[in-house]
Structure formats: structure tokens, C-alpha cells
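Nothing in this text is a laboratory measurement; each read-out follows from the coordinates by a stated rule. As the structure is a prediction and not an experimental result, all values here were calculated from the model. Cβ placement follows ideal geometry from the backbone for every residue including glycine, while neighbour counts extend to all protein chains displayed.
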Amino acid sequence: IPSMRGDLVSRPIHHVMTEAKRLADAGVKELLVISQDTSAYGVDVKYEAHDWNGRERATRFYDLAEALGELGIWVRMHYVYPYPHVDDVVPLMTEGKILPYLDIPFQHASPRILKLMKRPASSQNNLERIRAWRAVCPDITLRSTFIVGFPGETEEEFQELLDFLTEAQLDRVGAFAYSPVEG
């Protein structure tokens, strides 16, 4: 059965940074870091380290955010799942190293629906994480997307999603109706 997601394949950090520096030197003012799961950057290569700009850096989400923050341009992170290690990047936002912005594909709030979707985390942990991020970086902008009408979703689970949205107070939200995809 084909997968919409596929395996993670991380480019070595020195390759990403070489490209980012070239773009910055060419006058690019903002970089959008987009991948299937940016917060899992480097997991597949066991966070192998490489020299970049005279300093050893791991192929890891934090190291990438820190290095990009040294380029002096806007850096915006997309498709960042709310894993605990993402907390470490938020202070870089407070310091102005990267933009105080995260695009987090929460997808839903119901633990049962998230499990059926094969998505990580739980809505309660996500709410606690959002509160903690805002405590560290009050200006953080959070954007997310949600899928409604997933097969088997109940009215109660849909209400759970609405309650999550009310409590989370996300800055930007996209909602999509579930549609089946072959395979």
C-alpha cells in the first residue's frame, strides 16, 4: 500500500546551511523551512555531526534553527510536530534568532482520532506545550491545520476539537474535510 508520508530523509546540516547562506547572500530576506516533519530532522541519520562555519553541528532541529538564526534573515519553521525537544527552539524565537512562528499540523484533538490518523501527541499535552511556549515567547504565532469528518469521528470528538481550538487560541487555522485517497 503506498503511503502519502514516506520515509524521512534528512539532508546533512552543512548542505542545508550552504544552500541557506547562498540564498541569504543573494538577497533572500526570508527562509521557509518546510519538510514532512521538520521537528524530526536528523532522526534518520542519527543526528550525524558536520562542520559548518568552523563549528561542529548535529543534523538536528535545534542545531539547524540556531545556525539559520545566525544568517540575519527571517526564518520561519513549518510542519513542526509538538515533540518535547521543540521547547528548546522557542528561546531562539524570544532572542530574535528565528521568527516566533511555528506551523504545527495538530490535525485533530481527539486521542482516538489522532491514533486512527497515526499522528503523535495528545490534545492535553499540546495545550500544556502551547501554554509553555507562550510563557517563554509571548509573541509566538501558531498556525495549524485540522481534518474533520475522519471516518468514525463522532459528534463528541468533533466537539472535542472545537473545545481544543477555543482553549488553544491558535493564530491561524486551516480546516479540511476528510477525503479518501487510494491506498
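Summary table
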read-out: At most 12 other Cβ within 10 Å, DSSP loop - GluC sites (Glu not before Pro), region 154-183; value: GLU182
read-out: Label zone at HIS50, where the point sits 7 Å out along the Cα-to-Cβ direction: region 10-39 residues whose backbone N lies under 14 Å; value: 10-22
read-out: Theoretical FRET efficiency, 1/(1+(r/R0)^6), r = Cβ-Cβ of HIS14 and GLU128, R0 25 Å, to 0.05; value: 0.10
read-out: The chain: calculated mean residue ellipticity at 222 nm from DSSP helix runs of at least 4, using -39500 (n - 2.57); value: -9500 deg cm²/dmol
read-out: From phi via Karplus (6.51, -1.76, 1.60), per-residue ³J(HN,Hα) for region 37-54 in Hz, x at Gly/Pro; value: 8, 4, 5, 9, 3, x, 4, 5, 10, 6, 6, 3, 9, 9, 6, 9, 6, x
read-out: Loop sites in region 95-183: trypsin sites (Lys or Arg not before Pro), DSSP, at most 16 other Cβ within 10 Å; value: LYS118
read-out: Those GluC sites (Glu not before Pro) in region 1-78 that DSSP places in a loop and that have at most 15 other beta carbons within 10 Å; value: GLU48
